[in-house]
Amino acid sequence: MIFLVDSTGLYYRSYYALKKSYLKTSTGFPTFAIFGFLRSLIKYKKDYKAKDFIFVFDSPLSLSNNIRKNNFSQYKAKRKKIYQNDFKIQLPVLKNILKLLGFPVIESGIYEADDVLASLANKYSEDQNTNLGIITFDKDLFQVIKENISIYRIKQKLDTLEIWDENKFLREFNFKPIFFPDYLALCGDPVDNIPGIPGIGPKIAKNLVVSFGNLENIYDNLQKIEPSIRKKLEEFKTKAFEYRNLIKLKTDLDIDLKRQEADIGKVKEILLLKLEMKKLTSEIEKAFFV
């Protein structure tokens, strides 16, 4: 199993899950977010028999000036912006540790991390002998689920993952994952501040997609839809396609998966001397180097 990790999302949740503990070194350097992230990583490695990890982070550019935000100013407008110094200063240390563990660490550039994850998933999906898991909190990535690609969704408890494979998705929604952007375009996605079509909630959106498939087919069959819903669809047709374009992830990005050679000596130096994590150092060594 190869795991692609929505690393900004996992780091964000590690930060807030352990902020109250405020683990720090004797010199006052905060370590709680790094600790939470690495402990989760050890658990994922053990519980899900991971052979490899690829870590994808949002770049500062993708968070502030990405293509979707330029096209729709309210995109993700309700997301909490983090300015705290203790959030920022732990992040480069974590990235360095992940690189020294021998894993690719990718920053998304002008695109969002989800686009990079979707592009990597698309690349790996061509090999039917490779099973791929995407660790994320974001349900947008449901659209890339296939026979050999599953979403491992982060729950409130960081080391607990809810597995969404193709069968689970079909049982829940009764339509193929490729139509998930069409579904969200209709009913909206409050997490990304995409409003959807007024008056069309998840139940109606699901019925429309189950009956007709994508937006094109829905609009080709308006006469088969009850008048009250048809009127809403007609009024917001342009918006529906605009929202789908925002939700649909890119799958054709060319991603450089370069990695450096793993170095247990340097990992231990950072964990023991800089971060003062004696027990975690032992657990990391056992999980990744023994």
Do the conditions hold for residue 171, that is, is it crowded, with 17+ Cβ neighbours inside 10 Å and free of Cβ contacts under 8 Å to residues at least 40 places away in the same chain? no
Candidates 176, 203, filtered to the one that is farther than 30 Å from residue 129 by Cα, out of contact with any helix residue (DSSP H, G or I) (no Cβ under 7 Å at 6 or more places or on another chain) and not small (Gly, Ala, Ser): 203
Which of the numbered conditions does residue 161 fail, given that it passes all the others? Conditions: (1) out of contact with any helix residue (DSSP H, G or I) (no Cβ under 6 Å at 6 or more places or on another chain); (2) closer than 21 Å to residue 248 by Cα; (3) hydrophobic (A, V, I, L, M, F, W, C). (2)
Residue 184 passes all but one of the listed conditions (1) surrounded by 20 or more Cβ atoms within 10 Å (Cβ to Cβ); (2) part of a loop (DSSP other than H, G, I, E, B); the exception is number (2)
Go through (1) modelled with pLDDT under 95; (2) outside the structural domain of residue 234 (by TED's automatic domain parsing); (3) over 22 Å from residue 3 (Cβ atoms) for residue 194 and report which single condition fails. (2)
Scanning region 1-21 for residues that are assigned to a strand (DSSP E or B) and aromatic (Phe, Trp, Tyr) gives 3
So residue 162, is it part of a strand (DSSP E or B) and out of contact with any Cys (no Cβ under 8 Å at 6 or more places or on another chain): yes
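Which of the residues spanning region 245-290 are of a type in the set (Lys, Arg) and touching a helix residue (DSSP H, G or I) at 6+ places or on another chain (Cβ under 8 Å)?
248, 250, 259, 266, 268, 274, 278
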Selected residue (only one of 257, 249 is within 18 Å of residue 182 (Cβ to Cβ) and either under 32 Å from the mean Cα position of the chain (by Cα) or modelled with pLDDT of 95 or more (or both)): 249
Among what's in region 230-266 and is assigned to a helix (DSSP H, G or I) and among the small types (Gly, Ala, Ser), pick the residue that is surrounded by the fewest Cβ atoms within 10 Å (Cβ to Cβ). 265
Taking first residues from region 276-287 that are at negative phi and second residues anywhere that are not in a helix (DSSP H, G or I), the pairs with Cβ under 7 Å that are 6 or more apart or on different chains are 277/31
Would you mind stating whether residue 154 is surrounded by 18 or more Cβ atoms within 10 Å (Cβ to Cβ) and either modelled with pLDDT of 95 or more or more than 19 Å from residue 46 (Cβ to Cβ) (or both)? no
Tell me, which residue of region 118-158 that is farther than 15 Å from residue 249 by Cβ and among the basic types (Lys, Arg) is farthest from the chain's Cα centre (by Cα)? 157
Checklist (1) without any contact (Cβ under 8 Å) to a residue 12 or more places away in the chain; (2) more than 18 Å from residue 245 (Cα to Cα); (3) among the acidic types (Asp, Glu) applied to residue 166, failing item: (1)
Give region 22-46 a look and list any residue that's part of a loop (DSSP other than H, G, I, E, B), touching a residue at least 60 places away in the same chain (Cβ under 8 Å) and of a type in the set (Gly, Ala, Ser), or say none. 26
In region 63-121, residue modelled with the lowest pLDDT [restricted to those that are part of a helix (DSSP H, G or I) and exposed (fewer than 12 other Cβ atoms within 10 Å of the Cβ)]: 64
Checking residue 198 against (1) over 11 Å from residue 185 (Cβ atoms); (2) in a helix (DSSP H, G or I), which single condition isn't satisfied? (2)
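The values are calculated or read from the model by the stated rules, or taken from the named source; none is laboratory data. Everything numeric here is computed off the predicted structure, so don't read it as measured data. Here the Cβ is made from the backbone with ideal geometry for all residues, glycine too, and neighbour counts use every protein chain on show.
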